[in-house]
Amino acid sequence: MTKRTVLVSVVLGAVIALSAPLNAADDRQTKGDSIEAMKQSVVYLKTAFYGYEQLQPWKHKALTENHGYACAVGEYQVLTTAWNVADLALVKALRYGQNEFVGAKIKLVDYGSNLCLIELDPNAMAEPLKPLVFSEDYPKGAEVDFYWLSSDNRLYNGRGYLDRVRLEQTNISYEKRLHYVVANTSRRTGIGQVYCVGSKPIGIACWSNDNKEAGLVPGELINRFLSAAAKPDYKGFGAVGFVTSELLDPVMRAFLKMPPTVKNGVYVSDVYNLGTGCDVLKQADVILAIDGSTLNSHGRFEHAKYEWLDYQHLITNKTVGEKVLFELWRDGKKIEVRAEVKNFKASQMLVPFHEYDRQPEYIITGGFILQKLTRRYLARWGDGWTGKVSPHLYHYYRDLAYKPTAERSNIVILSYVLPANINLGYKDLGQLVVKKFNGMTIRSVADVLEARKLNPDSKYDVIEFEMDNPLVVIPRAQLPAADAFISRNYGVTKLQNVNP
């Protein structure tokens, strides 16, 4: 969750257009009323973002322009998706009715929920926005309308049908969250556009595809986010701290000493070191129910409003600090255990899923680029990156990403070598996991700074790697000149970055 001051410019106009003609007179009146009401509630966002080069972590990426949409949730607050503000450098908002720039700040970003709250400067507003109140109804099959303000200051709308709900990973984080899915949309949706059933807003768009579908962050999650954001300390929502697999095989059930009469339950195949349940669940537990909701052998439960949902919703829909009750089958008997709902930041992961708004951590010494392993670094290899990166690195991401320990909070790798006289013979090394530096076990990039101070009487720095890879020996006497040469010839503006 980040707070950051940005500049928001708000420009107003007065032209309204519809994407499709309206036929019946009463329909025209209803749509006209809804469009009129939306004039002071939707804004167009023009954004610019930069990020950092993963293979040259001292370099910013070129500034890139983008756009998105937002809607008013307060007289001087607008809501959009976190996707629209990741790695943000600048945001401007086009609003209906006022021709001036308005200063603002990002009040809160929750990447797990994919929501962002932007606060406008009330002293620069000619008049307040009209806040929307999101409905938590789920009228499956209902016709929906979506609204947006274009870059040329025209108000448009489109149509679709509320088709289904599903739990899915957000497009910006590792979290799985409840999404509404709208089908047969009249045109492709822009991120952040507001969706309504009649005059009631039900969610904002967080994805769309070429199959005329759009995903919505539903009003249920939006309202919980806004309620939590109004409190002094935003805690966020639960994250799951374990992995499950289907429990369909009767032989496996017999092995677990489950009687034939117990047909429900899902198998716990792994337990993380982070998240809800990590401190009370064990591998080989069978979760029979969560908070009284029975789980079938696929890990789904029957929801009063949404019908069948994956069990993760019973955790991710809770606020951090609440309690959750697990009914388990363990060691041949039923038991109950209670856990506190927890979440975690991506930076706490052994291999972070993302590090938005932060420069990558690295240290360059003698041309050897030592940096923290992250998913964004691995994804730098493009489509099919899982088969292109070192299998050893992929193992850390796939199997251990959610299992940091006190002995190892991050994975530090030798990414590659910038050729110089000091590293002759080593230039082809890369994608190696650092085990020790000057005899000190490396748990994080910050440890390298401490390890460089060790053995002050030695003439060399020595780096050891996992998997029986060769040692790297760096002559200390040559380091000052070599680092100056590398900075000058490779455009390295800063030889290290270690985030607090």
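The values are calculated or read from the model by the stated rules, or taken from the named source; none is laboratory data. All figures in this text were calculated on a predicted structure; none of them were measured in a lab. Every residue, glycine among them, receives a Cβ derived from its backbone with ideal geometry; neighbour counts consider all protein chains shown.
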Margin query: Please go through the range 375-427 and give me each residue that is in a loop (DSSP other than H, G, I, E, B), of a type in the set (Lys, Arg) and more than 17 Å from Pro360 (Cβ to Cβ), ordered by number.
Written below: Lys388, Lys403, Lys427
Next item on the list: For Glu127, indicate whether it is over 21 Å from Arg188 (Cβ atoms) and touching a Lys or Arg at 6+ places or on another chain (Cβ under 6 Å).
Entry: no
Check: Given the residues Glu466, Glu407, Glu450, which is the only one that is charged (D, E, K, R), touching a His at 6+ places or on another chain (Cβ under 8 Å) and either surrounded by fewer than 16 Cβ atoms within 10 Å (Cβ to Cβ) or in contact (Cβ under 8 Å) with a residue 60 or more places away in the chain (or both)?
Finding: Glu466
Next item on the list: Tally the residues that are at pLDDT 95 or above, in contact with a Lys or Arg (Cβ under 9 Å, 6 or more places away or on another chain) and assigned to a loop (DSSP other than H, G, I, E, B), restricting the search to the range 260-277.
Entry: 6
Check: Out of the range 379-398, which residues are over 16 Å from Ile172 (Cα atoms) and either touching a strand residue (DSSP E or B) at 6+ places or on another chain (Cβ under 6 Å) or among the hydrophobic types (A, V, I, L, M, F, W, C) (or both)?
Finding: Trp381, Trp385, Val389, Leu393
Margin query: I need the full set of residues from the range 87-131 which are part of a loop (DSSP other than H, G, I, E, B), aromatic (Phe, Trp, Tyr) and either farther than 27 Å from Ala239 by Cα or outside the structural domain of Thr47 (by TED's automatic domain parsing) (or both), in order please.
Written below: Tyr96
Notebook entry, point to check: If you go through the range 421-440, how many residues are buried (at least 19 other Cβ atoms within 10 Å of the Cβ) and within 12 Å of Ile369 (Cβ to Cβ)?
Noted result: 4
Check: Leu155 is checked against (1) at pLDDT 95 or above; (2) in a strand (DSSP E or B); (3) surrounded by 19 or more Cβ atoms within 10 Å (Cβ to Cβ) and fails just one. What number does that condition carry?
Finding: (1)
Next item on the list: Considering only residues that are assigned to a strand (DSSP E or B) and among the aromatic types (Phe, Trp, Tyr), look in the range 285-319 and name the one that is farthest from Thr244 (Cα to Cα).
Entry: Trp308
Checklist line | Candidates Tyr96, Tyr111, filtered to the one that is over 24 Å from the mean Cα position of the chain (by Cα), in contact (Cβ under 8 Å) with a residue 24 or more places away in the chain and surrounded by 17 or more Cβ atoms within 10 Å (Cβ to Cβ) | finding: Tyr96
Check: What tally of residues in the range 309-361 results from selecting those that are among the aromatic types (Phe, Trp, Tyr) and touching a helix residue (DSSP H, G or I) at 6+ places or on another chain (Cβ under 6 Å)?
Finding: 1
Check: Among the numbered criteria (1) part of a loop (DSSP other than H, G, I, E, B); (2) surrounded by fewer than 22 Cβ atoms within 10 Å (Cβ to Cβ), which single criterion is violated by Leu281?
Finding: (2)
Notebook entry, point to check: What number goes with the only condition from (1) assigned to a strand (DSSP E or B); (2) on the phi > 0 side of the Ramachandran plot that Glu464 does not pass?
Noted result: (2)
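This table checks each residue for (1) of a type outside the set (A, V, I, L, M, F, W, C); (2) out of contact with any Ser or Thr (no Cβ under 7 Å at 6 or more places or on another chain); (3) surrounded by 15 or more Cβ atoms within 10 Å (Cβ to Cβ); (4) on the phi > 0 side of the Ramachandran plot.
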| site | (1), (2), (3), (4) |
| --- | --- |
| Asp233 | yes, yes, no, no |
| Gly238 | yes, no, yes, no |
| Thr244 | yes, no, yes, no |
| Leu247 | no, no, yes, no |
| Val251 | no, yes, no, no |
| Val271 | no, yes, yes, no |
Check: Looking at the range 216-226, is at least one residue assigned to a helix (DSSP H, G or I) and free of Cβ contacts under 8 Å to residues at least 40 places away in the same chain?
Finding: no
Checklist line | Long-range neighbours under 9 Å by Cβ, at least six apart or interchain, first residue in contact (Cβ under 8 Å) with a residue 60 or more places away in the chain within the range 244-272, second assigned to a helix (DSSP H, G or I) | finding: Met258/Met252; Val262/Arg253; Gly265/Arg253
Checklist line | Test set (1) at pLDDT 60 or above; (2) crowded, with 17+ Cβ neighbours inside 10 Å - Ala37 fails condition number | finding: (2)
Next item on the list: Go through (1) part of a strand (DSSP E or B); (2) under 20 Å from the mean Cα position of the chain (by Cα); (3) over 15 Å from Met38 (Cβ atoms) one by one and return the number of the condition Asn171 breaks.
Entry: (1)
Note to self: Checking the structure you have, find out if any residue of the range 54-68 is under 19 Å from the mean Cα position of the chain (by Cα), under 20 Å from Cys196 (Cα atoms) and either surrounded by 22 or more Cβ atoms within 10 Å (Cβ to Cβ) or not basic (Lys, Arg) (or both).
What the structure shows: yes
Margin query: Checking Ser487 against (1) free of Cβ contacts under 8 Å to residues at least 24 places away in the same chain; (2) within 25 Å of Arg358 (Cα to Cα); (3) polar (S, T, N, Q); (4) loosely packed, with under 15 Cβ neighbours inside 10 Å: exactly one of these is not met. Which one?
Written below: (4)
